[in-house]
Every structure is written in C-alpha cells, then in structure tokens.
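This report concerns only the one structure given below.
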Amino acid sequence: MANQQLIDALRDADAVKFGEFELSHGGTSSYYVDKYVFETDPRCLELIAEAFADRVGDSKLAGVALGAVPLVAVTSVETGQPYVIARKQAKEYGTGNRIEGELSEGEEVVVLEDIATTGQSAVDAVEALREAGAVVDRVLVVVDRQEGAADHLADHDIELESLLTADDLLEDAPDEIDG
C-alpha cells in the first residue's frame, strides 16, 4: 500500500509535473518527478526520512552523490545511523575518494536513491561500495518509475525497494498524461 501522505506531499510541493520531458537516460516521458523539488521541501524530506527509517534495519546508509545526499542525511538523523556517500567517479583532488565517509570491510550497507528509472546509477553506487569492501544487496528509492530498474538491479543481485511507484503517483492523476 502506497504512503498516501507522501503522495499528497509530493503533489502539494508540485514535484510531479505533466507535459513532455526528456529523461537523463535519453528517453521521454509524459510526466516528471522533480527530485530537486521534493529534496528541498521540509515536509517531503520528513516523510521520506520516516519511511526510509522504517525500512533500513541496522545497515549503514549510503547515498548516491549528488541527488540522494539530502535523503541519506535526513534518514541518518532520523535513525541515528551513520552514512557514506558514493560518488560516480573518484575526485581528482583532495583525497580522491569515490566513497566519502567511514566504511569498514564487510559492513552491511543499504543504498538510498531518489528515483529509479533504469537503475544504472544505483548499480554503479553498489559496485563502488562493493569494491570498497561493503556488503550491499538492497537499494531503497523514493520513486520507482517502473521502467526496468528492478530487473537491472536484480541482474546484479540487488533488490530494489521503493516507497512509491509510478503507478502509485499517477493513480487519479490529471487527464494530461497518456499512461
């Protein structure tokens, strides 16, 4: 059952938009979930942190840079659990780390992400964490667009769990979309 409070908060914040949108993987869509809107709205962040906190268990948290950093930070505050940040690539300055924060060999980590479309950014983060010695088998996302991410992650032995799906968000949506 979808969290109706979160759906309402995303809609109230105008994070769900309708029209013609190009997505990061190159496809197009008749709707767009604007992560920058919900990641900067205190009510949305509060609901996301509470929902993620109910699902993370005792695992260390990881957020995918840059998009999931606000999500993992508020979830860390909600749970009291530390987190790390997984970069897409190592920095070319400073420490040159791809994983920021303290991570121990064999530590169980759950990755938090904003939106899953193809799931590639989550796969990349999990691979970086695994290379750093973490045990990662689960990714939690705010919204699964239901466009293949779950299957793609499963191919890498990763379970995708979402707070909401595209179906949840688009149920009773305006007539402006064509599914």
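Structure notes:
- The C-alpha atoms of the chain define a longest principal axis, and helix 69-79 lies at about 80 degrees to it.
- Normalised by the number of residues in the chain, the average gap of Cα pairs under 8 Å and 6 or more apart makes the relative contact order 19 percent.
- Listed by chain and number, the lysines placed with their C-alpha closer than 22 angstrom to that of K88 are K35, K60; residues fewer than eight positions away on the same chain are left out.
- C-alpha long axis of helix 42-53 to longest principal axis of the chain, angle in °: 60
- Förster radius 22 Å - calculated FRET efficiency between D34 and K88 (Cβ-Cβ, nearest 0.05): 0.60
- The chain: angle of helix 120-131 to the longest principal axis, Cα-based, in degrees nearest 10: 10
- Label-point separation, L66 to D172 (7 Å along Cα→Cβ), nm: 3.6
- Full extension of the chain between D8 and E22 gives 2.6 nm of extra length, using 0.36 nm per residue less the Cα-Cα distance.
- Within the chain, antiparallel bridges make up roughly 25 percent of the DSSP beta bridges whose residues both belong there.
Since every read-out is calculated from the coordinates, none of them should be taken as a lab result. None of the values given here were measured: they were computed from a predicted structure. With ideal geometry, Cβ positions are generated from the backbone for all residues, glycine too; neighbour counts draw on all protein chains shown.
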